[in-house]
Amino acid sequence: MTAIQEIEFETMGEGPTTLGAFAGSVVLVVNVASKCGLTPQYEGLERLATTYREQGLVVLGFPANDFMGQEPGSDAEILEFCRSTYAVDFPVMSKIAVTGEAKHPIYAALTDAQPHASGDPEAHRERLRGHNIEANEDPEVLWNFEKFLVSRSGDVVGRFAPNMEPEDAALVSALEAQLAL
């Protein structure tokens, strides 16, 4: 088991777990938020989770309130929002920090393994700056809905910019390539 697979994080109401609990699956790790302009990506994430579940895909949502307070709710409120608004059935973890000094160890390991996102993170940085929002630089997570792809063996094999939709051809191609292994 790789070191990243041993890092504990909390599920909502089911206690601690690790990526190792999903060994043998391809895992898409996404930091999520309920009050973000990118929140509709939940729909695409749920479609991916449903479409590829039988092939071994697990989508894990990690709520984070790191960006402009866009995930202010409690775990229970977040889960209710995800289920009632977007019919999310994939696992949603307890809220954590994904940037800065309070960054959860799982996100420290993810960003260390993949310090740069594919897609067009610079376009998203420019969009944020256009709203007078200071944008994080690599390797920090740029914004909500950044996606990390973890192989069946637990290696972090991809990272995708927040503005890359879950069903973008590049992300789906990377995901399908991992599922085929």
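Tabulated data for the structure shown
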| quantity | calculated |
| --- | --- |
| Most to least packed among 53-66, 5-18 [average Cβ atoms within 10 Å] | 53-66, 5-18 |
| Rounded if a/c under 1.5, otherwise prolate or oblate - the chain, Cα gyration tensor axes | rounded |
| Karplus-derived HN-Hα couplings along region 43-59 (A = 6.51, B = -1.76, C = 1.60, θ = phi - 60°), whole Hz, x at Gly and Pro | 4, x, 4, 5, 4, 4, 4, 6, 4, 10, 4, 5, 8, x, 8, 10, 9 |
| Relative contact order (%) - the chain, alpha-carbon pairs under 8 angstrom, separation at least six | 28 |
| Over region 96-181, relative contact order from alpha-carbon pairs under 8 Å, at least 6 apart, % | 27 |
| CD proxy at 222 nm, helix term only [per DSSP H run n ≥ 4: -39500 (n - 2.57); per residue of the chain; nearest 500] | -9000 deg cm²/dmol |
| Residues whose placed amide H lies under 5 Å from that of Val157, excluding near-sequence neighbours | Leu149, Val150, Ser151 |
| Extension gain from Ala87 to Thr51, taking 0.36 nm per residue of separation minus the Cα-Cα distance | 11.5 nm |
| Residue-by-residue Karplus 3J(HN,Hα) for region 63-74, coefficients 6.51, -1.76, 1.60, Hz, glycine and proline x | x, 9, 9, 6, 10, 6, x, 7, 9, x, x, 6 |
| Ordering of 155-163, 39-47 by burial proxy (mean other Cβ atoms within 10 Å per residue, highest first) | 155-163, 39-47 |
| Cut-off under 5 Å, modelled amide H: who pairs with Asn163 long-range | none |
| Region 114-168: C-alpha gyration tensor shape, a/c 1.5 cut-off, then a/b vs b/c | prolate |
| Region 63-162: C-alpha gyration tensor shape, a/c 1.5 cut-off, then a/b vs b/c | oblate |
| Area of Met68 that stays accessible when all protein chains are in place (1.4 Å probe, Å², to 10) | 130 |
| Karplus-derived 3J(HN,Hα), 6.51/-1.76/1.60, for each residue of region 158-173, Hz, glycine and proline x | x, 8, 10, 4, x, 7, 7, 4, x, 9, 4, 4, 5, 5, 4, 4 |
| Interchain or long-range residues, amide H under 5 Å from Val26's placed H | Leu57, Val58 |
| Globularity ratio of region 17-82, using Cα Rg and 2.2 N^0.38 Å | 1.18 |
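The values are calculated or read from the model by the stated rules, or taken from the named source; none is laboratory data. Please read these numbers as outputs of a predicted model, since none were measured by experiment. Backbone-built Cβ (ideal geometry, glycine too); neighbour counts: all protein chains shown. The protein model used for the area step is the full one, side chains on, heavy atoms only, and it has no ligands, DNA or RNA in it. Shrake-Rupley method; radii C 1.70, N 1.55, O 1.52, S 1.80 Å.
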